[in-house]
Structure formats: structure tokens, C-alpha cells
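To start, the structure itself, in C-alpha cells.
The values are calculated or read from the model by the stated rules, or taken from the named source; none is laboratory data. What you see is a predicted model, and the numbers here were worked out from it, not measured in a lab. When we count neighbours, we look across all protein chains shown, and the Cβ atoms used for this are built from the backbone with ideal geometry, even at glycine.
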Amino acid sequence: QLGVRLVPTLEFIPDALPENADHISDLLRQARERDEHVAGIAASASFAGEADPYVKPREDDEE
């Protein structure tokens, strides 16, 4: 017997977590800015048609 043992080794591989987190934060900031812009437009908007555009059932006068 040679007396050689298999010694486990560890290899450190840095992940891209900080870069991904920065990218996600940037996307969330952009979405927040767009939401604020759309909310500002919606506040001064008016209806394109009637306030209640849904078709209502006709009432029969024959009863």
C-alpha cells in the first residue's frame, strides 16, 4: 500500500448575484417610474365613451 488518500478539494466560484440584484433593482426602478407616469396620465384622462360601457339587458315593458 502506498498510503495515499484521496483528499477532497474545494473550489470557490463566485456567482453573479450582486450583478443580478443590481439589474433587478434597476428594472424595478424603471417600472416604478413608468407606473408613476401612467398614473399621472390616468388622473387627467376622461372616458373614451360612456362611463359605463357595458351592455345592459333590455327591460321588457310587456309585463
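List of remarks:
- Residue in segment 40-54 that is surrounded by 10 or more Cβ atoms within 10 Å (Cβ to Cβ) and within 19 Å of the chain's Cα centre (by Cα) present: no
Here is a yes/no grid of residues against (1) modelled with pLDDT of 90 or more; (2) basic (Lys, Arg):
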| site | (1), (2) |
| --- | --- |
| Gln1 | no, no |
| Val4 | no, no |
| His23 | yes, no |
| Leu27 | yes, no |
| Arg32 | yes, yes |
| Asp35 | yes, no |
| Ala42 | yes, no |
| Ser46 | no, no |
| Gly49 | no, no |
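- Some residue of segment 47-56 being on the phi > 0 side of the Ramachandran plot, in a loop (DSSP other than H, G, I, E, B) and out of contact with any strand residue (DSSP E or B) (no Cβ under 7 Å at 6 or more places or on another chain): no
- Flag if Ile24 is surrounded by fewer than 10 Cβ atoms within 10 Å (Cβ to Cβ), under 22 Å from the mean Cα position of the chain (by Cα) and free of Cβ contacts under 8 Å to residues at least 12 places away in the same chain: no
- Within segment 7-18, the set of residues being modelled with pLDDT under 90 and among the charged types (D, E, K, R) comprises Asp15 only.
- When the test is whether a residue is among the basic types (Lys, Arg) and surrounded by 10 or more Cβ atoms within 10 Å (Cβ to Cβ), Arg32 passes it.
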